[in-house]
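To start, the structure under review is shown below, and the notes come after it.
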Amino acid sequence: GNRRFEGKVVIITGASTGLGPVMAKMMAQEGARLVLAARRLELVEQAAAAIGPDAVAVRADVTSEEDVAAMVDAAMTRWGQVDIMMNNAAVPGTDKFIWEQTVDNFLDTYKVDCMAAMLCTREVLNRSMMERRTGSIVNFSSSAGWDGMVRKSHYSAAKGALRILTKTIAREVGEYGIRCNCVVPGAIGTDLMINYMKRVAEEQGKSVEEIEASIVAPLPLKTFSTPEDVARMALFLASDEARTVTGQSINVDAGLVMS
Ligand code: NAD
């Protein structure tokens, strides 16, 4: 098969659940050496153990400058370089209409869903990519950050800002041979989405199946994406196959958003 990540060192944040471990496994299969980061070390150690000696686990809260510095240190100590930064960690925040919104909910969400991508990107640029004049950064936005989403002003605003951060990074680092792109998933059938649907179902006195049907109905392709569907786009953007693709945000959402 393909070996697009042979010789590459990859950091994935939020690597313990959902999309993170799926991308880790797929990248390892194509030759990547990995640093898997998450807040709960036990969980990310399991993800790393499932891959074997090509993956190391680190505990990192991506909103902490010290933790992010230590995460990149771990990559430099173990592998000596960083080629690819996958800014995957995110929180959904607490559902609130704008008239109920709180500063804490808004800023806590912003810190993980936008600022952390700046921090992780800054560290890998300064520690490895700028000097080596190569690198690829992939951010993870959301359809909510494209068209807005009811009761998710905190998440939507942060994910929208992340797309503009992507473009700005791409403009600044291009001349150093570094690319930055963004994947924009719609609904993926991960815990994040399942928990959300359970909550909405409970509130509306409906079944999870009914809520799922209402999400799928407006989609041209009438389906959720799988983590693998989203991972394939993220891996393409991360890889040299996308050599001349930078500053782009690409929707992987069964046609929900057409840009
Ligand atoms: P997930 O919740 O399973 O994974 C995100 C991970 O980030 C979790 O393991 C979480 O613990 C971790 N995380 C949160 N805060 C952190 C912090 N401060 N430091 C370190 N790690 C932290 O979600 P997922 O479905 O795998 O989502 C992956 C990406 O795709 C996210 O960026 C998400 O916003 C985006 N996305 C998902 C969906 C969906 O339907 N699931 C839709 C649109 C976008």
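Of everything in the range 227-253 that is away from the ligand (no atom under 13 Å from the Cβ) and touching a Leu at 6+ places or on another chain (Cβ under 8 Å), the residue that is most open to solvent (accessible area, probe 1.4 Å) is 248.
Here residue 144 clears all of (1) under 17 Å from the mean Cα position of the chain (by Cα); (2) touching a residue at least 40 places away in the same chain (Cβ under 8 Å) except the condition numbered (2). Among the residues of the range 96-113, is any touching a helix residue (DSSP H, G or I) at 6+ places or on another chain (Cβ under 6 Å), acidic (Asp, Glu) and part of a helix (DSSP H, G or I)? Within the range 96-113, one or more residues are touching a helix residue (DSSP H, G or I) at 6+ places or on another chain (Cβ under 6 Å), acidic (Asp, Glu) and part of a helix (DSSP H, G or I). Looking at the range 137-146, can you tell me whether even one residue there is within 28 Å of residue 74 (Cα to Cα) and either in a helix (DSSP H, G or I) or not hydrophobic (A, V, I, L, M, F, W, C) (or both)? Yes; the residues of the range 137-146 include at least one that is within 28 Å of residue 74 (Cα to Cα) and either in a helix (DSSP H, G or I) or not hydrophobic (A, V, I, L, M, F, W, C) (or both). Only residues that are open to solvent by 40 Å² or more (accessible area, probe 1.4 Å), outside any loop (DSSP other than H, G, I, E, B) and hydroxyl-bearing (Ser, Thr, Tyr): list them for the range 206-226, please. Passing the criteria: only 214. For the range 29-37, the condition of being open to solvent by less than 40 Å² (accessible area, probe 1.4 Å), farther than 30 Å from residue 151 by Cα, within 15 Å of the ligand (Cβ to nearest atom) and over 17 Å from the mean Cα position of the chain (by Cα) holds for none of the residues. Looking at 125, 119, just one residue is within 13 Å of the ligand (Cβ to nearest atom), surrounded by fewer than 23 Cβ atoms within 10 Å (Cβ to Cβ) and assigned by TED's automatic domain parsing to the domain that holds residue 37, and that residue is 119.
The values are calculated or read from the model by the stated rules, or taken from the named source; none is laboratory data. Owing to the predicted nature of the structure, the values given are computational and were not obtained by experimental measurement. Using ideal geometry, Cβ is built from the backbone for each residue, glycine included, and neighbour counts are taken over all protein chains shown. Calculation scope for accessible area: heavy atoms of the full protein, side chains included, ligands and nucleic acids excluded. Shrake-Rupley method; radii C 1.70, N 1.55, O 1.52, S 1.80 Å.
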